[in-house]
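A quick write-up on the structure given underneath.
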Amino acid sequence: MYTAIVFLPLLGSAIAGLFGRAIGARASELVTTGLLFVSAALSCYAFYDVTMLGHSAIVPIANWIESGDFRVDWSLRIDSLTAVMLVVVTGVSSLVHLYSVGYMHEDPHRPRFFSYLSLFTFAMLMLVTSNNLLQMFFGWEGVGLASYLLIGFWFEKPSANAAAIKAFLVNRVGDFGFALGVFGLWAVFGTLDFDAIFMAAPMMAGKTFAFAGYQVDILTTLCILLFIGACGKSAQLFLHTWLPDAMEGPTPVSALIHAATMVTAGVFLVCRASPLFELAPIARDVVAVVGASTAFFAASVGLFQNDIKRVVAYSTCSQLGYMFFAAGVSAYNTAMFHLFTHAFFKALLFLGAGSVIHAMHHEQDMRHMGALMKKIPYTWAMMLIGTIALTGLGIPFLHIGAAGFYSKDMILESAFMAHTGPGMYAFTLGIVAAGMTSFYSWRLMFMTFNGPIRGDHHHWEEAHESPATMMIPLVVLSVGALFAGMLFFALFVGEGQAEFWRGALIVHEHAEGAIPEWVILAPLVVSLIGLYVAYYYYILHPELPPQMAARGGMLYTFLYKKWYFDELYDFIFVRSAKWLGRKLWKICDGMIIDGLGPDGISKRVLDATRGAVLLQSGYVYHYAFAMLVGVAALITWFLFSGGPV
């Protein structure tokens, strides 16, 4: 069963990719989507079998690498952490496949698209089922490759090509850190198997190694290297710039990348390695600080973006920050709970945005929308549910709310109850980010569905609901966005958490009844403030935002330009790399290597040839004179050398 879950998407990818032209686009869609739904159904059973019945397993596939003392087997690690990811990955991916049948129906390259989608899913499944770090690295790089192919799917667009290359290169930075972490773990423990590493890790606690004249903690260094890899995949601060540009890909790609697959890989890695991070408190604090900073940064940038997909993209970046700082305060199960609920409402928002774009003839600028609630009421209802879930609206003390209410509030409470400096830093920025999240989420809803018609009236008149293949996934995801938090709260973070996780990650029990009431109420209060501010500016006084944008104040420009990260990186890395490359080309390659090597030799040969050509004048007396000079030179040489004349 577990082998089928993992390899059915690969089978679908191979059929659509290799035989797509022969069997046609419709058959490619049916094969890949059907196999994904089979994989999703098996994953749901696996979730029940593993988390409820406790049937964890290690499923051997093959002997992979054996060289001296280095041995790596290819096997599937099936525990509660894997089971959660299987449901998330296959569930969202199957719905994205179904949605893509309607969204991509006019694209002439559908077999290639569905092949890439299934390949992406297979790579992510390889990552989450890995039993060792090398196998995880294989899935890790596979996800990176598939994301490059999907982001640049519309390769005729220069912007799509640039976005794909940017995502690939930025992720290589993080992957380099991850690779160093894998090398270091092998050097320290002599194995890459998770169980063996986790068992031996306590003996390495507090031990150091010499580096640059300093004694550096071994486990702290290894965990930070792993976290650098997580930052690349999960778009954390400083390695986040690829994520918004990834919106150049088709909308189903955005939903798949941002909701269930690539961006959650980093969170999964940290939670899988929780036994290591628990022994490296400094590295854990780094995770908390970076995660909280990312949550605040991305939420602030999302305040004034106008592209509907980019707003949701920065929301993803911010929510990933919440997951990381939850892990940074040792609330790994809470981080996974938010990953689980986030998959539902974020996929819902992305696919809902795609439905809006489909209705508006591929218009993505919210300034050209408005009054769409009358034209696409079902899409509005689905996105309203997603927005309520994202902003965490609910009734705190009665524990009634949508999915995000349970998981995000639990993260903030965990950060506060950590009673540490990084924990309070994360709690403070998390509360502020929650208010900003509410503002930009409701801003998106009001600008898109309410107010006057601001765009092309012809496009507005022709706007209509998406086909059933696009609406069915929205309905399914909306159910998850409403009830996933309520149904799974007790299992993930409540009374049944120990039996649910069964040692798959580190679980800490938090003191009951010790959380102040103001901490419980704060997320709801700031969310309501954000809702009111958005309502004031975009419903009561819609003339004010354009005036503010026209004035272009310092703060507005700073946030609209995304804190100038792209410009800064362009100045520091891109331009300097171009300058260095040009110098190496002109001086090292052109003047030195070619000048003294092949080009220089050929030029000297040409010069000698030109001199020899001058001797061929065609006059007899020139040749006689040359012969005379030669004879004189020969006689002179014999005279001075002492030989016979």
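The values are calculated or read from the model by the stated rules, or taken from the named source; none is laboratory data. Values in this document were obtained by computation on a predicted structure and should not be read as measured data. Backbone-built Cβ (ideal geometry, glycine too); neighbour counts: all protein chains shown. The accessibility values were calculated without ligands, DNA or RNA, using every heavy atom of the protein model including side chains. Shrake-Rupley method; radii C 1.70, N 1.55, O 1.52, S 1.80 Å.
Only helical DSSP H runs with n ≥ 4 go in: add -39500 (n - 2.57) per run for the chain, normalise by residue count and round the 222 nm mean residue ellipticity to 500 deg cm²/dmol.
-23000 deg cm²/dmol
Roughly how many nanometres apart are two label points built 7 Å out from the Cα toward the Cβ at H458 and L614?
Between H458 and L614, the simple spin-label model gives 7.4 nm.
Classify the stretch 16-88 as rounded, prolate or oblate from the Cα gyration tensor: take a ≥ b ≥ c as the square roots of its eigenvalues, call it rounded if a/c is under 1.5, otherwise prolate when a/b beats b/c and oblate if not.
oblate
For a Förster distance of 45 Å, can you work out the FRET efficiency between the beta-carbons of E499 and V479, rounded to the nearest 0.05?
Once rounded, the FRET efficiency stands at 0.95.
Quick one: if the Förster radius is 25 Å, what FRET efficiency do H622 and I601 give, using the C-beta to C-beta distance and rounding to 0.05?
With a Förster radius of 25 Å, E is 0.25.
Quick check on my link table: of K157/K309; K207/K408; K375/K561; K157/K346, which ones sit more than 24 Å apart, alpha carbon to alpha carbon?
As for pairs spanning more than 24 Å Cα to Cα, those are K207/K408; K375/K561; K157/K346.
Quick one: grab the alpha carbon gyration tensor of the stretch 434-587, order the square roots of its eigenvalues as a ≥ b ≥ c, and give me rounded if a/c is under 1.5, else prolate or oblate depending on whether a/b is larger than b/c.
oblate
When all C-alpha to C-alpha distances in the stretch 388-495 are sorted into bins of 5 Å, what percent of pairs does each bin hold, rounded to whole numbers?
Taking all Cα pairs of the stretch 388-495, the binned fractions are 2, 10, 14, 16, 17, 14, 10, 7, 5, 3, 1, 0 percent.
Name all residues of the stretch 1-26 having a backbone nitrogen under 20 Å from the label point set 7 Å from the Cα of H55 along its Cα→Cβ direction, giving them as ranges.
Taking a point 7 Å out along Cα→Cβ of H55, the residues of the stretch 1-26 whose backbone N falls under 20 Å are 1-8.
Enumerate the aspartates and glutamates that K166 could reach by cross-link, defined here as Cα to Cα under 13 Å, with residues fewer than 8 away along the same chain left out.
D245, E248, D566, D570
With every protein chain left in place and a probe of 1.4 Å, what is the accessible surface of M471, to the nearest 10 Å²?
Approximately 30 Å² for this residue.
Which net charge results when you count Lys and Arg as +1 and Asp and Glu as -1 among the other residues whose beta-carbon is under 15 Å from that of L127?
That works out to 0.
Give, as a single signed number, the net charge of other residues whose beta carbon lies under 10 Å from the beta carbon of H361, with Lys and Arg counted +1 and Asp and Glu -1.
With Lys, Arg at +1 and Asp, Glu at -1, the neighbours total -3.
Based on the Cβ-Cβ distance from A514 to A577, what FRET efficiency comes out when R0 is 56 Å, to the nearest 0.05?
The pair A514/A577 has a calculated efficiency of 0.60.
How large a share of the accessible area of the chain, in percent, is made up of carbon and sulfur atoms when the probe is 1.4 Å and the other protein chains stay in place?
Result for the chain: 71 percent of the exposed heavy-atom area is carbon or sulfur.
Scanning the chain for chymotrypsin sites (Phe, Trp or Tyr not before Pro) in DSSP loops with at most 10 other Cβ atoms within 10 Å, what's the longest stretch left with none?
It works out to 1-396.
Taking the Cβ of T51 as the center, what net charge do the other residues with Cβ under 14 Å away carry, scoring Lys and Arg +1 and Asp and Glu -1?
-2
Is the shape of the chain best called rounded, prolate or oblate, per the rule: a/c under 1.5 gives rounded, else a/b larger than b/c gives prolate, else oblate, with a ≥ b ≥ c the square roots of the Cα gyration tensor eigenvalues?
Prolate, because a/c is 1.5 or more and a/b exceeds b/c.
Given a 1.4 angstrom probe, what's the average accessible area per residue across the chain, in square angstrom?
Computed with neighbouring chains in place, this is 42 Å² per residue.
For the chain, calculate the relative contact order in percent as a whole number, restricting contacts to Cα pairs under 8 Å that are 6 or more residues apart.
Normalised by residue count, the contact order of the chain is 12 percent.
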